[in-house]
Amino acid sequence: MVKVLVVDDDTSVRDVVRRYLERAGYEVELAGDGETALQLHERHRPDLVVLDLMLPGVGGLDVCRRLRETSAVPVVLLTALGEESDRVLGLETGADDYVVKPFSPRELVLRVGSILRRAGASPPGAGETVSDGPLRLDLGARRGTLDGAELALTGREFDLLAFLLRNPGRAFSRAELLERVWGWSFGDHSTVTVHMRRLREKIEPDPARPARIATVWGVGYRYDPLEPS
């Protein structure tokens, strides 16, 4: 499994980034300061480092410099600094990319995947498919088909359907789906309801009598495969 080391002294940022990366299929390690980050890198040799510039003790730029002394591991900088000179300095120090706070976690995951591909590593989902009979999702291409016809899925609908196909026969509450698919620890549960209705309209022969996405009363939803695995 592809390993990503996330380094940030803000626990909420670390938690959000971890959840999004794990949902995308990465193995994630966390560090809250530069010294710990260097130790974890030496011990576990991650495939990529997400590194905040503003760290207590050993700063992000110093961490990047020290990594570059012994390793070519890709580095994505997280920075709240808006000055172009700070971003340029980070890139000159050896970082591969940067993301300015506040940032979109989904964009960060896409950046991580893009950098890994350029580095010759295969991000999670590359070449992987999940399917149930004529329903098929290509996770790398983020393309879904049903009976050979392409499905017009939004990004979130694709993520939700992929999660369900990976976990057939298991019931999930709306709160669990919000956390596992959206990466939200809280939010409006009707968001899940709306997306489930839209998915049913796209993959069920009769959305009023769903055969794949079952409602589990008092719990949430369950994906029932049409064909045995």
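The values are calculated or read from the model by the stated rules, or taken from the named source; none is laboratory data. Small disclaimer: the values here were computed from a predicted structure and weren't measured. All Cβ positions, glycine included, derive from the backbone under ideal geometry; neighbour counts span all protein chains shown. Note: areas computed on protein heavy atoms with side chains; ligands, DNA, RNA excluded. Shrake-Rupley method; radii C 1.70, N 1.55, O 1.52, S 1.80 Å.
Looking only at the chain, where both bridge partners belong to it, what percent of the DSSP beta bridges are antiparallel (to the nearest 5)?
Antiparallel bridges: around 50 percent, rounded to the nearest 5.
Keeping all protein chains in place, calculate the accessible area per residue for the chain (probe 1.4 angstrom), answer in Å².
Counting only protein heavy atoms, the per-residue value for the chain is 50 Å².
Return the carbon/sulfur percentage of the accessible area of the chain, one whole number, probe 1.4 Å, all protein chains in place.
Within the chain, the accessible surface is 49 percent carbon and sulfur.
Considering the dipole of the range 7-143 built from charges on the beta carbon (Lys and Arg +1, Asp and Glu -1) around the Cα centre, which of A80, V13, L116 is farthest to its positive end?
L116
Can you give the direction-averaged projected area of the convex hull of the alpha-carbon atoms in the range 8-48, in nm²?
Averaging across all directions leaves 2.7 nm² for the Cα convex hull.
Please work out the FRET efficiency for the pair S190 and R118, using the Cβ-Cβ distance as r and a Förster radius of 41 Å; give the result to the nearest 0.05.
Step by step, r from the Cβ atoms, then E = 0.55.
What translational D, rounded to a whole number of µm²/s, comes out for the range 1-115 from Stokes-Einstein when the hydrodynamic radius is the Kirkwood one over Cα pairs, at 20 °C and 1.002 mPa s?
For these conditions, the coefficient is 157 µm²/s.
At a 10 angstrom cut-off on C-beta neighbours, averaged per residue, how do the peptides 34-43, 200-209 rank from highest to lowest?
The densest-packed peptide leads the list: 34-43, 200-209.
I'm checking a number: the convex hull volume of the Cα atoms of the chain, normalised per residue, in Å³. What is it?
In the chain, the Cα hull volume divided by residue count equals 135 Å³.
On a full-extension model of 0.36 nm per residue, what is the gain between S173 and S104, subtracting their alpha-carbon distance, rounded to one decimal in nm?
Gain on stretching S173 to S104: 22.3 nm.
Taking the Cα centre of the chain as origin, sum charge times position over the Cβ atoms of Lys and Arg (+1) and Asp and Glu (-1), and report the length of that vector in debye to the nearest 20.
Value, rounded to 20: 740 debye.
Can you give the relative contact order of the range 25-84 as a percent, counting alpha carbon pairs under 8 Å and 6+ residues apart?
Reported as a whole number, the value is 36 percent.
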